[in-house]
1. Using only the alpha-carbon atoms, how far is helix 29-44 inclined from the longest principal axis of the chain? Give it as 0 to 90 degrees, nearest 10.
2. Just to be sure I understand the model, the point goes 7 Å from the Cα along the line to the Cβ. What's the resulting residue 75 to residue 128 distance in nm?
3. Tell me, what is the percent relative contact order of the chain, built from C-alpha pairs under 8 Å that lie six or more residues apart?
4. Relative to the longest principal Cα axis of the chain, at what angle does helix 132-145 sit, 0 to 90 degrees, rounded to 10?
5. In the range 11-82, which GluC sites (Glu not before Pro) fall in coil by DSSP and have 11 or fewer other Cβ atoms within 10 Å?
6. How high is the relative contact order of the range 69-136, in percent, counting Cα pairs under 8 Å that sit 6 or more residues apart?
7. Among 155, 146, 37, which one shows the biggest mean-square fluctuation in a GNM of the chain, springs joining Cα atoms closer than 10 Å?
8. In bins 5 Å wide, starting from 0, what share of all Cα pairs of the range 42-179 does each bin hold, as a percent?
Amino acid sequence: MSILKVSQMGHPVLRRAADPVNPDAIPTDAFQRFARDMRETMVAYQGAGLAAPQVHVANRVLVYRDTSDEEAARDIVTLVNPEIEPAGEEMEAGWEGCLSIPGIMGLVPRHVRILVRGLDREGEELEYEAADFEARVIQHEVDHLDGILYMDRMDDLRALTFRTEYEMFWAEAEEEPDE
Ligand code: NI
């Protein structure tokens, strides 16, 4: 396994729509190795989520874990060709960071509940509902597959802050900043 190089904001791969993965490719060694490397890279960078364009690969693959829950955080979910839609009207603003935009955080409105469809790491179809932090991470990572960065979603760019200033002026005990 290897830790992959993370693309940084400004690299064009973060601003293009990623291509769907051919489901037949999922069982191949090459794809399985890539998905493992993505999981290892996310953990090495202490992220909650990572999308393939963040490792310079324009394919619709993401990995994430729910770091708001210690037990759930051990399970890393791999999603291939994910599709999401809101499950309800409710929106909530929450703090997000991004491994491609190190040291900076922003307050981003997201749907509280979403319906997720896609393929898992073995190519099996998945369909489930996600809420709160998990839903936020998935929305952030699916945005990466569409060339969208979290500041594009912010209502007010004055809530863009360095991580050190976030800790000094904005932090709340219940927030989970790393995505
Ligand atoms: Ni990100």
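Rule-based calculations on the coordinates, nothing more; no lab input. Since the structure is predicted, the reported quantities are computational estimates derived from the model, not experimental observations. Methodologically, a virtual Cβ is constructed for each residue, glycine included, from the backbone with ideal geometry; neighbour enumeration extends over all protein chains shown.
1. Long axis of 29-44 versus the principal axis of the chain: about 20 degrees.
2. With each label placed 7 Å out from Cα toward Cβ, I get 0.5 nm.
3. Computed value for the chain: 25 percent relative contact order.
4. Taking the Cα atoms of the chain, the angle to 132-145 is about 60 degrees.
5. Qualifying residues, ordered by number: 70, 71.
6. It comes to 32 percent, rounded to a whole number.
7. 155
8. Binned Cα distances yield the sequence 2, 10, 20, 24, 22, 13, 6, 2, 0.
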